[in-house]
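I have placed the structure first, in the form of structure tokens, so that the comments after it can refer back to it.
The values are calculated or read from the model by the stated rules, or taken from the named source; none is laboratory data. Fair warning: this is a prediction, and the values are worked out from it, not measured in the lab. Please note: Cβ atoms are built from the backbone with ideal geometry, for glycine as well, and neighbour counts cover all protein chains shown.
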Amino acid sequence: MEPMQVFHDREEFLARLRELRDAGHGWRDLDIHMPFHVHEVDEIFALPPGGVRFFALGGGVLGFAGGLAFVCYTVLSWPLITGGKPIVSVPPFLLIAYLLTILCGSLCAFGGFLLLARRPGFGEASDVDAHGDCFMVRVREEKKR
Amino acid sequence: MMLVTFKRRDLYLLLLLAAGLVLLFEYGKLTPNRGALLLTLVFWSGLAQGCLALAAAAELTRARWIASLRRELLCVHPLLLVLALLFLCLAPRLDLYPWHEKPGPWLNGPFFLVRNLLLLLAVWWTGRRFALSAAARAEPCQRDAVLFLFAFVACQSLLAFDLVMSLAYPWMSSLLGAYFFVEALYAGVALAALLFFVLGGGKQRQAPEVIGAHHRDVARLLFGFSVLWGGLFFAQFLLLWYGNLPEETGFIVARLQSAGLRNLALLVILACFVAPFIGLMARRVKERPALVALVALAVLAGLFGERLFFILPEAPLHLGVTLFQNLVLGMGWLVLVHGQGEVLPEAVGGEG
Amino acid sequence: MSQEPGLNAGPNLAPAERLERTVLAAMSRPSLRYLGALGLCGLLVLMLFAIWGVIIWQGMGIAGINHPVSWGVFITNFVFWVGIAHSGTLISAVLYLFRARFRTSFNRAAEAMTLIALSVAGLFPLIHLGRVWIFYYLLPYPSERLIWPNFRSPLVWDVFAVTTYMLVSAAFFYIGLLPDLAILRRRLQGWRSRVYGWLSLGWSGSLDEWRHYNRVYLFLAAFATPLVASVHSIVSWDFAVSIVPGWHTTIFAPYFVAGAILSGSAMVFTLTIPMRRILGLEAYIQVDHFEALAKILLFTSLIVSYSYICETALAWYHGNLFEMEQFRYRSFGDYWFLYWIMILCNSLLPLTLWRKSWRRNLRWLFILSLLVNVGMWLERFVIIVNSLAREYSPYAWGTYQVSLAELGITLGSFGLFFAMFLLFCKLLPVLSMTEIKERL
């Protein structure tokens, strides 16, 4: 495998990325590692927004619908009037549904992140750590052919 | 686009004319219903003060988007004086209030007029000071902004408690004051979104991608305010619903008994919360000024509808007169935006 | 106190390297003073559990609560600690959405504070239950004869709200930690490196990881922002939905949220001002950042004052006898002294922050933060106890005296809070190194 090209300076790193892009490499052909996120990289490769948002949205919708259905089911399965409130009391039930929207939305976004970023995954860690605190880039083997 | 140019004197004359027209329709014996001026006043004080308050808040938090719209938001300050004038002319309408027959230490005609007039004048005075200094200088003038915000919060709270809440005395909701000034800010954001669409980011000649970024920020603010509005609405509704006290729920029950107002209430929730919340969730919508402006229009309509919902049962009004009055004030606002160079000093140095 | 080798290692160090060394120095072998402080807090924790044991053994009579004041210091503490949690989320999530740069100085410590304060807060409903071994009655499951909990009850909303808040804050905290855990993995040796390596989930900083990381961070911030407002709103509704004079008022939700952020920001000062000095973080947590946070404190203090004025003025406006009596009783009744201390600490003293020189005076900020938290604790006490002491029927009036057991448990909860924070300082990086590198 080709060794990593290592940069300590962020501008040099970005310049190299622009070169690679102009040479026709997309971001998927490159193995890029950064100690912190550099926003210019997104612009250089025009990165797509990624799939976490669908997890967040899906989880949110699921949480809302599920929460509402859940509380309605519980009160209808044993209709018991308390505090002079209707059996299906919409305002408080909306509150429960709202909390579950946030809970499920967040947890699904978290799960989606683990799935999409393929974490936990310990393959690259030692390789990356060996170089210390710096930017790294190399062209992936399989894409060279 | 500059077809007509106005001198400052012409602008003030036009505003005076607008005020005159509003009053003519109010007191011209066109209709026996007398709530129109009250509604117009409550609605437009929110809009006009909201524009300035939004600018002041943006200056204080050093929001970057304000650079695209600073002058368009600041130029509204002469309208605040018109509103104070209109409020003074509300004096013959005080018999709309149930406490008019039996005045108390707080709710009595003279005190009511004096305290609200003083606050409206204070808002105008601090607002004008803030607008003039913010337009002239590149760096934010924090003291003026803070002073104006104080006057703004006090004035909107008192308008809510005095002008609106006391219509249904002894109904009471202690959140209504805060609710009103948040709504005024919400209206300010909606107007900013409209201005972005109409003027394409003001006349500051900035790069399109900068204007685009600023517009996205305004769209995000609109989205954020829709959530805030929903939260405050719910916070009030839940407590009244849960407490189920006749003196508290009476206000809502009286309104929800008529089908028209019931539908209006649903429309208000739809326009102020559902439309911006669902509509602006997608990033692609936030990037299109026309769609954002459409949502902003819905929000403004919703806020108007809510004022209608509060005021209509207690103070019946003629819809045509109300719409005309609001149209006149709207024209006044547009004329101010158009002739902003006359009411604001030229900026010294570059835009910050 | 110059135990930071990073700063002394020479001026030629790259800024990122210096940052990493400084933060790692904080995680080095504990000093005697640290152990002493931890030991003291540990003793307080022991006291807490000992007293709790006595309460479980002998019954709730040991606490001072009784009819009519059946909510006392325990519930005050619950509200207080949940409130402390709030500003952590404000700093990490809300300021992230508003792109306020000074957040990176505080966000790690503030998020840790959120989690710690929430776990302390969670103890109090359990203590207050009395029979804590049947706490699971609170959970949503069909218990006796397949009856579910009453979802119209604000106490059940509380269970949902606090649990959701805990889980979402934990996820947010953990996501933010991942790149920093990878740094620890790289810099430490032996088993510590392995442990942090597992915890970092093998974070390698690849573009794909960062791409999704940024999105999930944004979404969690976007979820946490309305959540933080709703959690304390729901806590406020524990009081406000009941028809008790002084409680049943619509402004309660935003009023409590503002109060929570006020006390939470104050606690951030209390924690970070000594932390910055002891750990030598002056280069990263700058006075400018404290000043920005001081403005938030001032702003929330103004909202709280606005709420005090509104609720009192409207009680008078409305003319309801019981409401008016409640507010008279609060300010001139049995607990008048506490009420005026509360006004002094929450409304008047923060006004000093209008002056720039006071906002930048860390010594004053530290003192003020302690006073504000005294005031905010008293605010909850004043609201809870006064309203219960004077409900409608004069035959059911009564006063409440805090018992020694309640005081001990309160003290113990502070011990628990500080002990956990001390442990956090040794076990995890106290600054978000990755985010600070972005601005270096």
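Brief remarks on what is shown
- Residue under evaluation C:Glu20, criteria (1) within 17 Å of C:Leu427 (Cβ to Cβ); (2) loosely packed, with under 12 Cβ neighbours inside 10 Å; (3) among the charged types (D, E, K, R); (4) modelled with pLDDT of 90 or more, criterion not met: (2)
- Of the residues A:Cys104, A:Cys108, the single one that is modelled with pLDDT of 85 or more, touching a Phe, Trp or Tyr at 6+ places or on another chain (Cβ under 7 Å) and either surrounded by 15 or more Cβ atoms within 10 Å (Cβ to Cβ) or in a helix (DSSP H, G or I) (or both) is A:Cys108.
- Residue that is surrounded by the fewest Cβ atoms within 10 Å (Cβ to Cβ) [pool: residues in the range C:149-174 that are at the interface with chain A (Cβ under 7 Å from one of its Cβ atoms) and part of a helix (DSSP H, G or I)]: C:Leu167
- The residues listed here are B:Val285, B:Val268; of these, the one that is among the hydrophobic types (A, V, I, L, M, F, W, C), at pLDDT below 95 and in contact with a Leu (Cβ under 9 Å, 6 or more places away or on another chain) is B:Val285.
- Restricted to helices (runs of 4 or more DSSP H) entirely inside the range B:22-92, those with at least 3 residues that are within 30 Å of C:Val94 (Cα to Cα) and in contact with a Gly (Cβ under 7 Å, 6 or more places away or on another chain) are B:36-60, B:66-74.
- One residue from C:Phe337, C:Phe327, C:Phe366 being within 26 Å of the chain's Cα centre (by Cα) and over 24 Å from C:Gly264 (Cβ atoms): C:Phe337
- Among all positions in the range C:115-135, there is no residue which is outside any helix (DSSP H, G or I) and within 14 Å of another protein chain (Cβ to nearest Cβ).
- Qualifying positions in the range C:356-391 - in contact with a helix residue (DSSP H, G or I) (Cβ under 6 Å, 6 or more places away or on another chain) and not in a helix (DSSP H, G or I): C:Arg360, C:Arg390
- Test: residue in the range C:188-205 that is closer than 30 Å to B:Met165 by Cβ and either under 27 Å from the mean Cα position of the chain (by Cα) or away from chain A (no Cβ under 13 Å) (or both): no
- When residues of the range A:65-101 are limited to those that are at the interface with chain C (Cβ under 9 Å from one of its Cβ atoms), aliphatic (A, V, I, L, M) and out of contact with any Gly (no Cβ under 8 Å at 6 or more places or on another chain), the one surrounded by the fewest Cβ atoms within 10 Å (Cβ to Cβ): A:Leu80
- Per the conditions (1) more than 7 Å from every other protein chain (Cβ to nearest Cβ); (2) at pLDDT 95 or above, the sole criterion not satisfied by A:Phe45 is (2).
- Residue that is of a type in the set (A, V, I, L, M, F, W, C), in a helix (DSSP H, G or I), away from chain C (no Cβ under 13 Å) and farther than 30 Å from C:His248 by Cβ, where the choices are B:Leu163, B:Leu167, B:Leu159, B:Leu132: B:Leu132
- For the range C:63-95, the set of residues classified as over 20 Å from C:Trp247 (Cβ atoms) and surrounded by fewer than 24 Cβ atoms within 10 Å (Cβ to Cβ) consists of C:Ala63, C:Gly64, C:Val94, C:Leu95, listed by residue number.
- The range C:308-328: number of residues that are small (Gly, Ala, Ser) and either at pLDDT 95 or above or in contact with a helix residue (DSSP H, G or I) (Cβ under 7 Å, 6 or more places away or on another chain) (or both): 1
- Put simply, of B:Val198, B:Val218 the only residue that is in a helix (DSSP H, G or I) and either more than 30 Å from B:Leu38 (Cβ to Cβ) or among the aromatic types (Phe, Trp, Tyr) (or both) is B:Val218.
- Flag if A:Val61 is at the interface with another protein chain (Cβ under 8 Å from one of its Cβ atoms) and surrounded by 14 or more Cβ atoms within 10 Å (Cβ to Cβ): no
- Residues (within 13 Å of chain A (Cβ to nearest Cβ) and in a loop (DSSP other than H, G, I, E, B)) located in the range C:216-261: C:Val241, C:Ser242, C:Ile243
- Test for B:Ile269: is it surrounded by 14 or more Cβ atoms within 10 Å (Cβ to Cβ), β-branched (Val, Ile, Thr) and over 18 Å from the mean Cα position of the chain (by Cα): no
- Qualifying residue in the range A:6-13 (condition: touching a residue at least 24 places away in the same chain (Cβ under 8 Å), farther than 27 Å from C:Leu440 by Cβ and more than 9 Å from chain C (Cβ to nearest Cβ)): no
- Matching residues, the range B:240-274, being touching a residue at least 40 places away in the same chain (Cβ under 8 Å) and among the aliphatic types (A, V, I, L, M): B:Leu240, B:Ala254, B:Leu261, B:Leu264, B:Ala265, B:Val268
- Scanning the range C:303-340 for residues that are aromatic (Phe, Trp, Tyr) and within 22 Å of B:Cys155 (Cβ to Cβ) returns C:Tyr306, C:Tyr308, C:Trp316, C:Tyr317.
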